[in-house]
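Visitor: Got a structure for you, questions after.
The values are calculated or read from the model by the stated rules, or taken from the named source; none is laboratory data. Everything numeric in this text was worked out from a predicted model, so none of it was measured. Glycine also receives a Cβ, built like all others from the backbone with ideal geometry; neighbour counts cover every protein chain displayed. Just the protein is used for accessible areas: all its heavy atoms, side chains included, with ligands, DNA and RNA removed. Shrake-Rupley method; radii C 1.70, N 1.55, O 1.52, S 1.80 Å.
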Amino acid sequence: KAYDSRYDPTRPKPENEIGRVGSLDPRSPNDVLIAIPATNYMEYSPQTNLYTSRLYFTETSGGVIGANAMQGHNVLFDWENGRVGFAESSCHYTNYHNFNPQQQNQQQQQSSSGGSFKDESEVSNDCMLSQPTLSETCVQSVDVQACQQNPDTVLQGTEKWTLVVENAGTELGLSCVDAAILNTPYDGPNPPAVECDGNGLCYEYRPCMLSCNNVKSAASALTPLQAPTSTTCGPSLWGACDYSCTQSRLQSTLMSDNICHETSKQTRPCHIGACGRSDPCKVPFVVHAIMVFHGADIGLWDKQFEERLAETLTVSTQNHAKHGKTLFKVGDVSVIATSPWYAHDEGEATGNEDQIGNTEVLGIKAVVEISIFNAKAHLTKRGKEKQELVQKQQQKDASLTMKDRIKGLIQPNQQQRENSLKEPLPSACSERELYPLATSAMEVQEIMG
């Protein structure tokens, strides 16, 4: 019998076991206690400024335990024994910052076959930045008119370096401003001023000095190298998709000073990473697909291949969409895990029993996550207030002079603004918006096969 109302002596007493009714109902102390906070069933309408309860007990046979009750729980449907299990869970990734859910599986794969498993979905608390690219040289920032009065004058200038945010981190870890200051190669008496724009880029301002006699030669000395000796220049990888739902990348060229100089920058909308996991109204559905690449070497797999896969998958899916409908964009695709594809896996997928147990590596298996974005999601009143604060701080930062940046006056204000970008802007949505998105998710699943 799957469920027995009698007390099981092998289990803790109901009043001492989390998830049991216990003393709350002495008649049925072994019943399961499901906590459903009001945030799960009270729907806010910004038009009426009122809340509506979505908890109903008007079905023919009572109430239905639906999605409102399942939020915040791990739910196990035990069909064989005719029972359902509930356990409290958390959907906030930062609660698992020291735990890799694939770690045990990874160790098993590596010990049994020598293969490697890469979990792309693990979230780091600390902000991670790319190597800095020089966006504005010292000679571009100085006031050359001062040299007309005295050619021996030493001019105060500023070098502007740009860093791509590769991982935005969380409020529990190192901020991007602190990460930039901590890792800067600048060794002046004071740390450089740093600001981050919330769109995946940070800027580092380093003070510099240039004599008037060297201004002209410095301006004409830089030329692009015909045969670059560095592989770090060129198009950078797309940066992290933060709560702003925007990511960026840089294009740079190696110059004769052996430094990568920025030539252009790009931004695009995205709904993965922090944006995708932070707001179920913005991204109510995700589609997962397992893709196998026969003959591919997992040792050669890198982020560039992942970006090409996302681009190819987006175009291919769009070509098969009904009525030319845009199901998702390239910024909505992420590779969350890669691992070797074994002959054993092939045997299980095709039903070939002769391959079961065969550890020969046939290629690469990539797990892809596609976000279905809700363009009609709108900010709540609280979300709009937070957005206004961020925008005001950005305007204030933009009004600061270069001298203020050099003195580091921007850092206390910037720290506050950057931290505000490490949490989502609350948004709202309605049920009628979700149905078309559910059909889009189903269409993507059908196309992926």
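Visitor: Of everything in segment 263-276, what is of a type in the set (D, E, K, R) and surrounded by fewer than 18 Cβ atoms within 10 Å (Cβ to Cβ)? Give them in sequence order.
Guide: Start the filter on segment 263-276 by keeping residues that are of a type in the set (D, E, K, R), which leaves 265, 268.
Scanning segment 263-276 gives a single hit, Arg268.
Visitor: Continuing with this model, one more query. Given the conditions (1) closer than 23 Å to Gly72 by Cβ; (2) at pLDDT 80 or above; (3) more than 35 Å from the chain's Cα centre (by Cα), report the number of the one that Pro26 does not fulfil.
Guide: (1)
Visitor: Residues being open to solvent by less than 50 Å² (accessible area, probe 1.4 Å) and either more than 25 Å from Gln71 (Cβ to Cβ) or modelled with pLDDT under 80 (or both): count how many of those fall in segment 9-23. I'd like the intermediate steps shown before the answer.
Guide: To start, the set of residues in segment 9-23 that are open to solvent by less than 50 Å² (accessible area, probe 1.4 Å) comprises 14, 17, 19, 21-22.
Now drop any that are not either more than 25 Å from Gln71 (Cβ to Cβ) or modelled with pLDDT under 80 (or both), which leaves 14, 17, 19.
Looking only at that region, the number is 3.
Visitor: In segment 206-220, how many residues are crowded, with 18+ Cβ neighbours inside 10 Å and either among the acidic types (Asp, Glu) or assigned to a strand (DSSP E or B) (or both)?
Guide: Of the residues in that region, 4 qualify.
Visitor: Hey, can you tell me all the residues within segment 146-180 that are open to solvent by 30 Å² or more (accessible area, probe 1.4 Å) and under 22 Å from Lys265 (Cβ atoms)?
Guide: Step one: list which residues in segment 146-180 are open to solvent by 30 Å² or more (accessible area, probe 1.4 Å), which gives 146, 148-154, 156, 159-160, 166-167, 171-172, 174, 178.
Hits for segment 146-180 are Glu159, Lys160, Glu166, Asn167.
Visitor: Further question on the same structure: Pro228 passes all but one of (1) at pLDDT 80 or above; (2) not in a helix (DSSP H, G or I); which number fails?
Guide: (1)
Visitor: Hey, another quick one. Would you check which residues across segment 277-313 are touching a residue at least 12 places away in the same chain (Cβ under 8 Å), β-branched (Val, Ile, Thr) and open to solvent by 30 Å² or more (accessible area, probe 1.4 Å) and list them?
Guide: Matches in segment 277-313: Val286, Ile290, Val292, Ile298.
Visitor: Can I ask one more? For segment 337-350, what are the residues that are farther than 30 Å from Trp238 by Cα and open to solvent by less than 60 Å² (accessible area, probe 1.4 Å)? Talk me through it step by step, then tell me what you get.
Guide: Initial filter on segment 337-350 (farther than 30 Å from Trp238 by Cα): 342-350.
Across segment 337-350, the qualifying residues are Tyr342, Ala343, His344, Asp345, Glu346, Gly347.
Visitor: OK, next. Take Asp242 and decide whether it is open to solvent by less than 30 Å² (accessible area, probe 1.4 Å) and either modelled with pLDDT of 85 or more or assigned to a loop (DSSP other than H, G, I, E, B) (or both).
Guide: Answer is yes for this residue.
Visitor: Among Glu443, Glu418, which is at pLDDT below 65, part of a helix (DSSP H, G or I) and surrounded by 18 or more Cβ atoms within 10 Å (Cβ to Cβ)?
Guide: Criteria check complete, one pass: Glu418.
Visitor: Across segment 314-336, which residue is farthest from the chain's Cα centre (by Cα) among those that are hydrophobic (A, V, I, L, M, F, W, C) and surrounded by 20 or more Cβ atoms within 10 Å (Cβ to Cβ)? Can you show your working first?
Guide: Of the residues in segment 314-336, the ones hydrophobic (A, V, I, L, M, F, W, C) are 315, 321, 327-328, 330, 333, 335-336.
Of the ones still in play, those that are also surrounded by 20 or more Cβ atoms within 10 Å (Cβ to Cβ) are 327-328, 333, 335.
Working: Leu327: 20, Phe328: 17, Val333: 11, Val335: 12 Å.
Among residues in segment 314-336 that are hydrophobic (A, V, I, L, M, F, W, C) and surrounded by 20 or more Cβ atoms within 10 Å (Cβ to Cβ), the one farthest from the chain's Cα centre (by Cα) is Leu327.
Visitor: Condition test on Gly188, is it surrounded by fewer than 22 Cβ atoms within 10 Å (Cβ to Cβ), small (Gly, Ala, Ser) and assigned to a loop (DSSP other than H, G, I, E, B)? Please lay out each step first, then the result.
Guide: On the way: surrounded by fewer than 22 Cβ atoms within 10 Å (Cβ to Cβ): yes; small (Gly, Ala, Ser): yes; assigned to a loop (DSSP other than H, G, I, E, B): yes.
When the stated conditions are applied, Gly188 passes them.
Visitor: Let me ask something else about it. Of all the residues that make up segment 41-81, how many are under 24 Å from Cys429 (Cβ atoms), at pLDDT 75 or above and open to solvent by 80 Å² or more (accessible area, probe 1.4 Å)?
Guide: The qualifying residues number 3.
Visitor: From the list Glu346, Glu353, Glu369, exactly one residue is touching a His at 6+ places or on another chain (Cβ under 7 Å) and of a type outside the set (Phe, Trp, Tyr). Which is it? Don't jump to the end; show me each part of the working.
Guide: On the way: Glu346 fails: touching a His at 6+ places or on another chain (Cβ under 7 Å); Glu353 fails: touching a His at 6+ places or on another chain (Cβ under 7 Å).
Going through Glu346, Glu353, Glu369 in turn, the sole match is Glu369.
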